[in-house]
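The values are calculated or read from the model by the stated rules, or taken from the named source; none is laboratory data. All values reported here derive from a predicted model rather than from experimental measurement. Here the Cβ is made from the backbone with ideal geometry for all residues, glycine too, and neighbour counts use every protein chain on show.
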Amino acid sequence: MTVYSHSRLSCYEQCPQKFKLQYIDKIETEEEQTVEAFLGIRVHEALEKLYRDLAHQKTDTLEELLDFFSNEWTTNWTDDIIIVKEGYQADNYRNMGRKYLTDYYRRYQPFDQDKTVALEERIKISLDDEGKYKLQGYIDRLTETRDGYYEIHDYKTNSRLPLVEYLRSDRQLALYMIGVKNLYPDVKDVRLVWHFLKFDKEIDSTRTDEELLRLKKDTIQLIDTIEQDERFEAHPGFLCDWCEYHSCCPQWSHLHMIQEKPANEYLKDTGVVLVNQYAEIKSTQKHANLQWDAQLEKLEEALTMFAEKEHVEVVFGSKNKVRVSDNEKYSFPNKNTKEREQLEKVLQKYGRLQEVSQLDTSALGKVIQENSWEPEVLEALGKYVEVERKKRFYLSKIKE
Ligand code: SF4
């Protein structure tokens, strides 16, 4: 089975189609690097050098470290690195990097808080005893503290500081923690340490054994879902604008195709002709429906008045009749609300919930589509499920 990584798993969670294009079809894209990614790489390599030199009994001065950073910046900089934010130049980002390193250096100098065990180390993570489910990753710096604890350090050059709850559920370092616990039998416990360099801030967290067990289970389930996926559905969203597979993704490739055509040819494209006709007919239909709805509403009002005036419940025409019924309509709290939960509890208390609850087949369909239950449960359900493929058409406006 494939050796997974946190970024592979995240890619699938973001968009299964992107996962397919990147990892299964292995489509090569023209790599465009953003200045933020470039800055991250340069800062990481400067910190790696700092600790590698320390391991060789050489303490870099701050000036030496900044010189190294600036030299690497100049040597590796190319003009096709993208600066998206308006009003900023490459030098602004270079100065940001220098500031991050200066703050870090001053905060931790003389760097004797811990002993570096590994730098930019590839770590293998096994999620099950049989070694079927494997992951790998790279730890920025692994250390051992004086009291025998291990720490997994991760350098972040993010422009935003994440919430502590987000870090409490961060998967990447927690997976590395499983790997470290397997790799170093003398480990007492492991701390996960994030360095948010822009904010000169260190945030740490850890995971209990129960949390790690749950993480293993969830990750195995996610890997099973990926391995069994045959459709790799696209999940279009705001991240599409940053997706390097935009031009070959079935959600966008037609747009790329027609954008390359001159205006007169573009309008003759079969797809464009069909969608334009479809949109026109849909709009005419919608307009007509609205008119019919308004007429029906007026007739219903008139029928209600007639039935009340004549004290009749059924009104006869020449070939049809209309029954005018006066029913009460009940409303209940919506699903997933506190009130709905309380209502269910009341029904449960009186042993009546079963009588008025029904199987939610659309929720069940979603579970089956996402393979989100245990395989034996899904297998047992299999004989009651018929799969029918149906094309659906969704008409919407193109973003300007
Ligand atoms: S462009 Fe959007 S929908 Fe297509 S693969 Fe990329 S993220 Fe997925």
>> Give me the residue from segment 155-205 that is of a type in the set (Ser, Thr, Tyr), within 25 Å of Gly131 (Cα to Cα) and within 23 Å of the chain's Cα centre (by Cα) and, out of that set, surrounded by the most Cβ atoms within 10 Å (Cβ to Cβ).
In response: Tyr176
>> As an exercise: evaluate Trp292 against (1) among the hydrophobic types (A, V, I, L, M, F, W, C); (2) part of a loop (DSSP other than H, G, I, E, B); (3) out of contact with any Lys or Arg (no Cβ under 9 Å at 6 or more places or on another chain) and give the number of the one condition it does not meet.
In response: (2)
>> Return the residues of segment 206-228 that are touching a residue at least 40 places away in the same chain (Cβ under 8 Å), surrounded by 14 or more Cβ atoms within 10 Å (Cβ to Cβ) and either of a type outside the set (Val, Ile, Thr) or assigned to a strand (DSSP E or B) (or both); say none if nothing qualifies.
In response: Leu215, Lys216, Gln221, Leu222, Asp224
> Is it the case that segment 241-250 has a residue that's away from the ligand (no atom under 16 Å from the Cβ), surrounded by 13 or more Cβ atoms within 10 Å (Cβ to Cβ) and under 32 Å from the mean Cα position of the chain (by Cα)?
Replying inline: no
> For segment 32-77, what are the residues that are in contact (Cβ under 8 Å) with a residue 24 or more places away in the chain and outside any helix (DSSP H, G or I)?
Replying inline: Glu32, Gln33, Thr34, Thr59, Trp77
> Of all residues in segment 1-29, how many are surrounded by fewer than 17 Cβ atoms within 10 Å (Cβ to Cβ), outside any helix (DSSP H, G or I), within 15 Å of the ligand (Cβ to nearest atom) and in contact (Cβ under 8 Å) with a residue 60 or more places away in the chain?
Replying inline: 2
> Counting just the residues of segment 256-267 that are surrounded by 13 or more Cβ atoms within 10 Å (Cβ to Cβ) and at pLDDT 90 or above, which one comes out nearest to the ligand (Cβ to nearest atom)?
Replying inline: Met257
